[in-house]
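What follows is a single structure, written as structure tokens, with notes after it.
The values are calculated or read from the model by the stated rules, or taken from the named source; none is laboratory data. For clarity, every value in this text was computed on a predicted model and none was experimentally measured. Here the Cβ is made from the backbone with ideal geometry for all residues, glycine too, and neighbour counts use every protein chain on show.
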Amino acid sequence: MILTRHDIAALLSSGKLEFSPALDQWQNQPHAVDLRLGTVFYLPKIWKLSAAGREVLNVDVTQQCGDNFEKIELKPGQFFELAPGESIIASTLEKISLRADDLMGVLYPRSSINRRGLSVDLTGIVDAHYSGHLMIPIHNRTSSQIIRIYPGERICQVVFQRLASGLQKEDALRHGVSVAKYEGASAAELSSKKDADKEMSLLRSGDLDALKKHPYA
């Protein structure tokens, strides 16, 4: 069941849903909440200097993550320009906190952002009991236009849904055999994080049979 603005208002009043900073009147939609672009941006690095020399970065999901991006923090009033074909990661301005056992969110792009030539690649889920900022992947899909974005502009929207049955916090934050990687993340802590070492080790070795011998629980 998708919640309307009246349901969302009731959750905000009860403290079961919270945004920090608080929502403003422009963010209120019939059955969604628009989220604003934050001031922290992550730009993919293309090379690093190692003991061997200047190396082009290879992004390997099984290796240590988090150092493949350069972090930039703007001040309110400054803008960010995306070059043609450029992809970045940005944070939301708002920190979101879901405190109901049966509440989750789904992120969607705003159509007005798409019309500017930007692709906000969001099909993300905001888990029950999640608290933290959210990561926004942004891609300039034009071949010739520089597109300027401003911290504070409405960049995406979150739709809230009720779960068929409630989840306690410790259960909601268990992803596979690990704790949710980005729980409690601030805008400055949204760079990539590696999945569980055991799973990554099995991927590197190509032992998919061993990977599938761990039954779903």
- Task: Can you work out which of the residues in the range 42-52 that are of a type outside the set (S, T, N, Q) and not in a loop (DSSP other than H, G, I, E, B) is modelled with the lowest pLDDT?
- Result: Lys48
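Go through the residues of the range 153-167 one by one and say whether even a single one is farther than 27 Å from Ser20 by Cβ and in contact with a strand residue (DSSP E or B) (Cβ under 8 Å, 6 or more places away or on another chain).
So in the range 153-167, the residues farther than 27 Å from Ser20 by Cβ come out as 164-165.
Narrowing the set further to residues that are in contact with a strand residue (DSSP E or B) (Cβ under 8 Å, 6 or more places away or on another chain) leaves none.
Looking through the range 153-167, none of the residues is farther than 27 Å from Ser20 by Cβ and in contact with a strand residue (DSSP E or B) (Cβ under 8 Å, 6 or more places away or on another chain).
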- Considering only residues that are in contact (Cβ under 8 Å) with a residue 24 or more places away in the chain and among the acidic types (Asp, Glu), look in the range 1-52 and name the one that is surrounded by the most Cβ atoms within 10 Å (Cβ to Cβ). Asp34
- Can you tell me which residues in the range 78-107 are more than 25 Å from Ala32 (Cβ to Cβ), touching a residue at least 60 places away in the same chain (Cβ under 8 Å) and small (Gly, Ala, Ser)? Ala83
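Return yes when Phe69 is surrounded by 13 or more Cβ atoms within 10 Å (Cβ to Cβ) and either touching a residue at least 40 places away in the same chain (Cβ under 8 Å) or at positive phi (or both) and no when it is not. Even if it seems obvious, please write down each step before you answer.
Working: surrounded by 13 or more Cβ atoms within 10 Å (Cβ to Cβ): yes; either touching a residue at least 40 places away in the same chain (Cβ under 8 Å) or at positive phi (or both): yes.
So Phe69 passes the test.
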- Message: Can you name every one of the strands (runs of 3 or more DSSP E) wholly within the range 113-196 that holds 2 or more residues which are of a type outside the set (Ser, Thr, Tyr) and modelled with pLDDT of 95 or more?
- Response: 135-140, 147-149, 154-162
- Query: Could you say whether any residue in the range 64-81 is at pLDDT below 90, more than 18 Å from the chain's Cα centre (by Cα) and part of a strand (DSSP E or B)?
  - Reply: no
- Query: In the range 53-60, is there at least one residue being surrounded by 11 or more Cβ atoms within 10 Å (Cβ to Cβ), at pLDDT 85 or above, closer than 23 Å to Thr142 by Cα and not β-branched (Val, Ile, Thr)?
  - Reply: no
- Failed item, numbered, when Leu208 is tested on (1) in contact with a Leu (Cβ under 9 Å, 6 or more places away or on another chain); (2) at pLDDT below 85: (2)
- Would you mind telling me which numbered condition in (1) touching a Lys or Arg at 6+ places or on another chain (Cβ under 8 Å); (2) surrounded by fewer than 18 Cβ atoms within 10 Å (Cβ to Cβ) Arg110 fails? (2)
- Item | Close pairs (9 angstrom Cβ cut-off, 6 or more residues apart or separate chains): on the phi < 0 side of the Ramachandran plot and assigned to a helix (DSSP H, G or I) in the range 204-215, surrounded by 12 or more Cβ atoms within 10 Å (Cβ to Cβ) and charged (D, E, K, R) anywhere | Arg204/Asp60; Leu211/Glu199
